[in-house]
Structures are given as structure tokens and as C-alpha cells.
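K.L.:
Can you keep this structure in mind? I'll have questions shortly.
The values are calculated or read from the model by the stated rules, or taken from the named source; none is laboratory data. All of these numbers come straight from a predicted model, not from anything done at the bench. With ideal geometry, Cβ positions are generated from the backbone for all residues, glycine too; neighbour counts draw on all protein chains shown.
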Amino acid sequence: MDYEINVVMLACINMIAVLGLAVFTGFTGLFSLGHAAFVGIGAYASGVLTYHWNVPFFFALPAGMAAAGLSSLVIGIPTLRAKLRSDYFAIAILGFGEALRVCLENLSITNGARGLSVNEFSGPGWILGTLALSLLATRNFLKSRFGTLFVAIREDPIAAEMAGIDLFKMRLLSLVVSATLCGASGALLAHRLAFIQPVMFTLTQSTQLLASVIAGGIGSVSGPVIVAFVFTALPEMLRSLNMWRLPAYGLLLVLIMIYRPQGLLGYRELSDLFRGRAR
Amino acid sequence: MTAPGPTSLLEVRGLSRSFGGIRAVEALSFDVARGGIMGLIGPNGAGKTTVFNLITGVYRPTAGTIFLNGIDLTKKRPHEVVRAGIARTFQNIRLFNRMTCLENVMTPLLARGDAALGAFFRTPFVRGEERKARETALAVMEDMGLADTAYRLASTLPYGLQRKLEIARALACGLLVQGPRLVLLDEPAAGMNEAETRELGEVILKTQKDFDVTMMLIEHHINLVMNVCTRIVVMERGTLLAEGSPHAIRSDERVIAAYLGRKGKNEHGR
């Protein structure tokens, strides 16, 4: 039973990061190949605090979120100001992620490539509580005027600007919110696994986050979050199939792209289905 | 700062823009009087849309100035230009397709909202602001005869209504602006037949009066231009060819040679 709980907890942690990327990619329409970096910053910032200075997790978690949010300004301000097109932005943030990995591997405070052994603080209460709060806050945020403005930017940046939207400010806001959520996911991850290493936060992880958002559906919160759960839990459930589980994961992605190119819940939410509202 | 004349809303002075070696607009000067509809016509490639893009801050001019009611717009970014009182539509309709028509019209109103951190908690202030934007947008749609499309996705509207919706969104941009407003329409009748074009002309005249805005209109349907415009600027190869009342433009030899063609004579009998 412990094993199943562990898988579910990891899936929930992953859901928070995917939720973050859904705000940025699904709603604001910019692709990112570097969001694992924000998960990593959240993990390391909180991990360093609890490891070196015995900071209580109650403070380390928000510190990890803040560190991820602030660091997103470093990459966001120059690239979003230059109005890089979506694909160029994805490459720029990929570079940011790789640069971060190199930094983490060479700093002594992070214990370099050997990784950092932190205490296991985040129990199910922390994880489920953070997930619930994140979902609620994100839903409110996307229901507010910001959600509408983000979607307008995704639909047509030029028209959005001519509707009086400050593209730079709104895209940056979207990035900071999404990075902050990824930071929360990272802080929880670090103190769940009790061990973090720079290689845990590279392009592979960023790609998996993006795959969950796309497969879950652009413009949806519930779709990506459900898919994030499935994508984390499925490889574990299929462990008995041994070597077939990774091809199965790939096959699932391909099938989604062929038969549901808009993703599981493209442009709608789970609640819409129950209300029977067709869009 | 140049003080604008009492009646001129937009002052364009010596406006130039080149792309590489191509001079798209060169030393263009004209005034748009407050109230009324100014037509901007000329052959394809004359630089009409570039002028709109320069006025709205999409492009930076290589030289020249643009003043709206005494405010220098020359170095402003597009969203700042919108907030100063200029809104526009596009040659190829640009709607927010995956949003409802109502949300399309609400967007410019929400863009100027104040809700910030409260957005995470759905505070009463946030809800109030959204309700106000919704009511204002619905009123605009009512005036434009778009009320029953409010909850449809913008992409599902027929072409003519999409044009109308785009105009409604442009009008909404000006609702929170203090002072006079200018709406730029870039070929609104493109792709319309004669009947649709005539109807569009009525919509343009009506909204110009109802919303008390000044309009600028790029258009190739010469009948529409002659019917609705109070004044016309003719461009050719990036420069000003002629300016005057519709009547004067119609009989201007240079305009006939460069753009209207001899056939224009037949239209006198209309």
C-alpha cells in the first residue's frame, strides 16, 4: 500500500507543475521547453534552506515558490520584451533550463552533481493541501479578467494588443504565475523523495510537462491535470509489463495526437461535460 | 508640443517609414477633423495600411510625428495608443475565435481593469468589475444589433457579423477613454457584395453618430467611400496625392488618372 500511496503522491506533485505550465502554454499560448528549470529552482531553493539552515518546511515551501517566480523574471523580461515568437521563446527558455543545470552541478551549496539529501517533510497532507489550494487559486485566476486577457493573447496577439492589452506585462505575469506553481511542485518533490539531483530537472522533464499539457488539451485546466496523473501513474502500473511500458506510453501519446489532436479536453473543462455544454 | 487646431483631432506631420530600400510612406502630412469620417484611398501598395500601422504604434515611423488631440503618439506602444483613444479593425478580420462574441467585446474593457491579487480569491471587487464590463459590452452589442450572438463563439459567426463584431470591439476600446476617440477601419467591406456593402455603410454612419467617434476608413468600394466620408485623403506610392471633399476628389484629374479611372465618370449620375 505504501508503494501505491507514493505513486499517487508523486502524481499529485506532478499535477501542480503541469497546472503551472497549463496557465502559460494552454491559456497564454507560449510554448516552453524549460519549465522543469522552475521545478528545479523550487526544489533546490527550499532544499538548501531546510538542509543548510534547518528552515521549517512551512517557510521553505513558499520560499521555493518565490525563488521560482522571481527567477522566471530573469528569462522572461528579456525574451518577452523582445516579443519572441512562440517557437523562439521555447528555445530561449530551453537554454535557460540547461544553463541552470550546469549552475546546479557546479555550485557547492547545492552539493553539485552528487545531489542533495534533504529530509522527508512533505507528507500527503502537505501535497494534497498544496494541490487543492493551487487548483482553487488557478481556477479563480483564470476565471478573472486575467484568464480572458491570456486567452485573447493566445488567440491573436496583434488583435489583443489593439484591444489595449499590454502584451509584455500580461505574458510576464502568466510566466511568473506558472513558474511559481512549478516551484511549489519542486519544493514538494524535493522533500518527498528526500533527494534531489540536477539531472532531475532537464529537457526530458520539461518535455513531459509539455506533453501532459498538449495531451490534456490547450485552454483547459482539468484536462492536463488528469493527464498528468495518468502519465505519472501509468508507467508505474505497467511495471509488470516490464520493457513494454515505455513504448506503451509513447503509443498513448501518438494515439492521442491522431484521434484527439485537440487533447483530452481541448478548450473545455471536466465540469462542462457534466453540464452537457457543448462548445 | 504642437497645439492642434480647434477642430483637428489627429495631426500627421511628415510621416515616413521605409522597409529596407522601400519607402512605404514618405513625408505624409494630413489632419483628421474631429467628428465625421475621413476616407483613405489609393491604389494597392500606396501605403494605406502602413499609415494605420504607424498611427497605432505597430510600426515606428522613420521620421515625422503623430498627435492625437495634442498628445504625442509617435513613440507610444500599441496598447498605449489604444488607451489614448485610437482603436482599429484589420484588413483580414482578427477576432479572438475561441472566445464568445461577448468576451471579444469585453476584452478591451477588462484590459483596463484594476483587479490584481484579488483575482486569486474571486473577491467581490473582482466580481463587480467583471459584471460591469459584461454589462457595458452587452450594451455595445445591443446597439450594434449583435445582442443575440453574445454567447456564440466568434468563429461561428457569418462573415458580415464578424466584421460587425470587430467594429463593436473597436468601439468598446474607446469606452473607457476620456476625451475624443478615433476608430480606424481597414477595408471593412472587403469581400462583401453590393447589398452587404450598403448595409455596412449604414452601420458605419450610425455608429459614428451613436458613439460620437471620429472615423478613418480605408476602402476600395468607391461608392461606400463617397457615401459615408466627409473628407478624403488619396495616397499614391507612399505620398499624399490629393485631399478634399468627396465631390472634389471625384473630379480631381490626378486622382482619376492614378486611381479612380475614367469609369468613375459614369458614377456621377448616381
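K.L.:
Can you tell me which residue within the range B:73-122, out of those that are among the small types (G, A, S) and out of contact with any helix residue (DSSP H, G or I) (no Cβ under 7 Å at 6 or more places or on another chain), is surrounded by the fewest Cβ atoms within 10 Å (Cβ to Cβ)? Steps first, answer last, please.
P.N.:
Initially, the range B:73-122 is screened for residues among the small types (G, A, S), giving B:84-85, B:87, B:111, B:113, B:115-116, B:118-119.
Then drop every residue that is not out of contact with any helix residue (DSSP H, G or I) (no Cβ under 7 Å at 6 or more places or on another chain), which leaves B:84, B:116.
Details: B:A84: 19, B:A116: 13.
Within the range B:73-122, the match that is surrounded by the fewest Cβ atoms within 10 Å (Cβ to Cβ) is B:A116.
K.L.:
Something else: Output the residue which, of all residues in the range A:44-95 that are aliphatic (A, V, I, L, M) and more than 18 Å from the chain's Cα centre (by Cα), is nearest to A:F201 (Cα to Cα). Show your work before the answer.
P.N.:
Applying the first criterion (aliphatic (A, V, I, L, M)) to the range A:44-95 yields A:45, A:48-49, A:55, A:60-61, A:63, A:65-68, A:70, A:73-75, A:77, A:80, A:82, A:84, A:90-94.
With more than 18 Å from the chain's Cα centre (by Cα) added as a condition, the list becomes A:48-49, A:55, A:60, A:77, A:80, A:82, A:84.
Values: A:V48: 16, A:L49: 19, A:V55: 23, A:A60: 19, A:I77: 22, A:L80: 23, A:A82: 26, A:L84: 24 Å.
For the range A:44-95, the residue satisfying everything is A:V48.
K.L.:
To continue, here is another question. Helices (runs of 4 or more DSSP H) wholly in the range B:183-270 with at least 2 residues that are on the phi < 0 side of the Ramachandran plot and assigned by TED's automatic domain parsing to the domain that holds B:S16 - which ones? Write out each step before concluding.
P.N.:
Working: elements: B:194-210, B:222-228, B:246-250.
Of the helices (runs of 4 or more DSSP H) lying wholly inside the range B:183-270, those with at least 2 residues that are on the phi < 0 side of the Ramachandran plot and assigned by TED's automatic domain parsing to the domain that holds B:S16 span B:222-228, B:246-250.
K.L.:
If you don't mind, another one. Find the residue count for the range B:83-131, including only residues that are more than 7 Å from every other protein chain (Cβ to nearest Cβ) and free of Cβ contacts under 8 Å to residues at least 12 places away in the same chain.
P.N.:
Of the residues in the range B:83-131, 10 are more than 7 Å from every other protein chain (Cβ to nearest Cβ) and free of Cβ contacts under 8 Å to residues at least 12 places away in the same chain.
K.L.:
Here is a further query. Considering every residue within the range A:107-127, establish whether at least one is assigned to a helix (DSSP H, G or I) and crowded, with 21+ Cβ neighbours inside 10 Å.
P.N.:
Pass one, the range A:107-127, residues assigned to a helix (DSSP H, G or I): A:112-114, A:124-127.
Okay, now just the ones that are also crowded, with 21+ Cβ neighbours inside 10 Å, so A:127.
Yes - at least one qualifying residue is present in the range A:107-127.
K.L.:
Which condition does A:A159 not pass, out of (1) modelled with pLDDT of 95 or more; (2) over 30 Å from B:G85 (Cα atoms), if it passes all the others?
P.N.:
Result: A:A159 passes all but (2).
K.L.:
So, one more: Listed residues A:P62, A:P78; which is loosely packed, with under 14 Cβ neighbours inside 10 Å, free of Cβ contacts under 8 Å to residues at least 40 places away in the same chain and more than 30 Å from A:R268 (Cβ to Cβ)? Spell out how you get there, then give the answer.
P.N.:
Details: A:P62 fails: loosely packed, with under 14 Cβ neighbours inside 10 Å.
Answer to the check: A:P78.
K.L.:
Report yes if some residue within the range B:190-204 is closer than 24 Å to B:P43 by Cα and in contact with a Ser or Thr (Cβ under 7 Å, 6 or more places away or on another chain); otherwise report no.
P.N.:
Looking for residues that are closer than 24 Å to B:P43 by Cα and in contact with a Ser or Thr (Cβ under 7 Å, 6 or more places away or on another chain), one finds none in the range B:190-204, hence no.
K.L.:
Among A:A90, A:A152, which is within 14 Å of chain B (Cβ to nearest Cβ) and either small (G, A, S) or within 26 Å of B:I93 (Cα to Cα) (or both)?
P.N.:
On the way: A:A90 fails: within 14 Å of chain B (Cβ to nearest Cβ).
Answer to the selection: A:A152.
Conditions (1) more than 14 Å from chain B (Cβ to nearest Cβ); (2) without any contact (Cβ under 8 Å) to a residue 60 or more places away in the chain; (3) under 22 Å from the mean Cα position of the chain (by Cα), marked per residue:
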| site | (1), (2), (3) |
| --- | --- |
| A:S117 | yes, no, no |
| A:I127 | yes, no, yes |
| A:A159 | no, yes, no |
| A:K169 | no, yes, yes |
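K.L.:
Here's another thing I want to ask about it. Which members of the range B:26-76 meet the condition of being outside any strand (DSSP E or B) and over 17 Å from the mean Cα position of the chain (by Cα)? Break it down into steps so the answer makes sense when it comes.
P.N.:
As a first pass, look at the range B:26-76 and keep what is outside any strand (DSSP E or B): B:34-36, B:42-62, B:69-70, B:73-76.
If the condition is that a residue be outside any strand (DSSP E or B) and over 17 Å from the mean Cα position of the chain (by Cα), then B:P43, B:N44, B:G45, B:A46, B:R60, B:P61, B:T62, B:G70, B:T74, B:K75, B:K76 are the ones that fit.
K.L.:
If you take the residues of the range B:43-82 that are over 18 Å from B:V183 (Cβ atoms) and in contact with a Leu (Cβ under 7 Å, 6 or more places away or on another chain), which of them is nearest to the other protein chains (Cβ to nearest Cβ)? It would help to see each step written out before you state the result.
P.N.:
Keep residues of the range B:43-82 that are over 18 Å from B:V183 (Cβ atoms), which gives B:43-47, B:50, B:59-65, B:70, B:72, B:74-75, B:77.
In the following step, the residues that additionally are in contact with a Leu (Cβ under 7 Å, 6 or more places away or on another chain) were identified as B:61, B:64.
Details: B:P61: 18, B:G64: 21 Å.
My answer is B:P61.
K.L.:
Here is a further query. If the requirement is being outside any helix (DSSP H, G or I), within 30 Å of B:T100 (Cα to Cα) and in contact with a Phe, Trp or Tyr (Cβ under 9 Å, 6 or more places away or on another chain), which of these qualifies: A:A163, A:A152, A:A159?
P.N.:
Working: A:A152 fails: outside any helix (DSSP H, G or I); A:A159 fails: outside any helix (DSSP H, G or I).
Testing whether each residue is outside any helix (DSSP H, G or I), within 30 Å of B:T100 (Cα to Cα) and in contact with a Phe, Trp or Tyr (Cβ under 9 Å, 6 or more places away or on another chain) leaves just A:A163.
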